[in-house]
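To keep things clear, I will list the structure first and then write my remarks on it.
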Amino acid sequence: MPLPLDLHGIPELRVMRQLAEALVYEGLVDCAVSQGGGKSRFEWRCDGGAIRCEGSIGAFGRVRVVAETIERGCDDQWRPATLGDLLASIDTCRERRAQLTSELDRTLDFSAWNERNLRPRPRRDLPFAQLDSAIDEGHPYHPCFKARTGFDYADHAAYGPEAGNAFQLAWLAVAPERLHSAFPTDEQAFWMHELGAETYALLNERRARLGDNARRFGLMPLHPWQWKALQGSELSRWLAEGSAGFLGPAGDRYTASQSVRTLFNRDQPRRANLKLPMNLVNSSAKRIIEPHSVCSAPSISRWLKDIVASDPLFEARYPLTILGEYAGTIADREGPLAGQIAAIWREEVTGSLKPGETAVPLNALMVLE
């Protein structure tokens, strides 16, 4: 679906609009701003000419541009601007311009794929997890709102939230000296609770096949795309030397949330949301997990919950629910794979609802059907 300011089926205009807004708001161009007729006009120099557009300045100085007004001028001759014109107006090195161009191109590619392959459907009455995945508008400010650098079209279809496809996790067995974990119970009880007896027994059986030494290894879930992305990395050396073993796919199926790396359990929706790192660049950020955050997340969640529980106003007048991140595990916390093999378990939202309540993602409030 397009955002309220955008035309359906023309992702190029949205990318240009958000890029122009970001250039002005972030001060990346020396922009002259004038007012008149209830509009704001923006103009800045560009490679021997100028770029101009119209829009408004909203709360917190946020710039809003009307995409159809973005023009490139030279010698008083104006024409509709191109994405290349906007990129040429940025004072940066060749490498960074090339990286930004690549991310913008991927955003256009995947937006066009969505337009070709996804049929619009009513979303108002979807349950929380399905609604979250169905909000396909992407980041309303960042121009690279669907770059997903590292995905090809098959990955986008299989692991992106828009298509809603479900997949099993890949599993590793990892030597305990390479692991740091923060579980709420002893390890066996934790995995039994999270996986169920059948899947836990299956993974134990596969782990035993790796040899007697592997019986002491810890379990580690891995996004199936990440398993593919880590081929040829330090993980390959672990596998070759026997300090890790691949256990294959197993267990419940998951679907991607809007963030791509946080997953909803499709088969058992009341089970935890699972946050897994991906060597994927989206909105110009690599979607791994900060190593320091994995084992500290449960402690911070408990601290926040204690604060809420100790203040009766949060129960009576200002109801507030914290979805706790109650467990985390990470491999190679300070090594070359830091942040690339890890997992954080977060409480899913419907289990905290009171009778008569429903939940929606906050950004659903600004989406139009």
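The values are calculated or read from the model by the stated rules, or taken from the named source; none is laboratory data. Quantities reported herein were computed from a predicted structural model and do not represent experimental measurements. Note that we place each Cβ from the backbone using ideal geometry, even for glycine, and neighbour counts take in every protein chain shown.
For residues that are in a loop (DSSP other than H, G, I, E, B) and modelled with pLDDT of 95 or more, scanning just the stretch 211-231, find the one that is nearest to the chain's Cα centre (by Cα).
Of the residues in the stretch 211-231, the ones in a loop (DSSP other than H, G, I, E, B) are 211, 217, 223, 230-231.
Now drop any that are not modelled with pLDDT of 95 or more, which leaves 217, 223, 230-231.
Numbers: F217: 30, H223: 13, L230: 19, Q231: 22 Å.
Once the filter is applied, the top-ranked residue is H223.
Does the stretch 127-134 include one or more residues that are in a loop (DSSP other than H, G, I, E, B) and on the phi > 0 side of the Ramachandran plot?
Checked against the condition, which is being in a loop (DSSP other than H, G, I, E, B) and on the phi > 0 side of the Ramachandran plot, the stretch 127-134 yields no hits at all.
Considering each of A158, A112 in turn, give the residue that is surrounded by fewer than 20 Cβ atoms within 10 Å (Cβ to Cβ), under 17 Å from the mean Cα position of the chain (by Cα) and hydrophobic (A, V, I, L, M, F, W, C). Quick ask: steps written out before the conclusion?
Numbers: A112 fails: under 17 Å from the mean Cα position of the chain (by Cα).
The match here is A158.
Please return the ranges of strands (runs of 3 or more DSSP E) entirely within the stretch 268-369 where 2 or more residues are in contact with a His (Cβ under 9 Å, 6 or more places away or on another chain), at pLDDT 95 or above and among the aliphatic types (A, V, I, L, M).
Details: elements: 273-275, 325-331, 342-346.
Result: 325-331.
Filter the stretch 139-178 down to residues that are part of a loop (DSSP other than H, G, I, E, B), of a type outside the set (S, T, Y) and touching a residue at least 12 places away in the same chain (Cβ under 8 Å), then give me how many there are. Working first, answer last.
From the stretch 139-178, those part of a loop (DSSP other than H, G, I, E, B) are 139-148, 150, 152, 160-166, 175; that's our starting set.
From what's left, of a type outside the set (S, T, Y): 139-140, 142-148, 150, 152, 160-166, 175.
Checking the rest, the ones that are also touching a residue at least 12 places away in the same chain (Cβ under 8 Å) come to 139-140, 142-148, 150, 160-166, 175.
Final tally of qualifying residues: 18.
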Within the stretch 6-70, considering only strands (runs of 3 or more DSSP E) that don't extend past its boundaries, which have at least 2 residues that are touching an Asp or Glu at 6+ places or on another chain (Cβ under 8 Å) and not small (G, A, S)?
39-46, 49-57, 63-65
Take D105 and tell me if it is closer than 25 Å to N279 by Cβ, of a type in the set (D, E) and within 17 Å of the chain's Cα centre (by Cα).
no
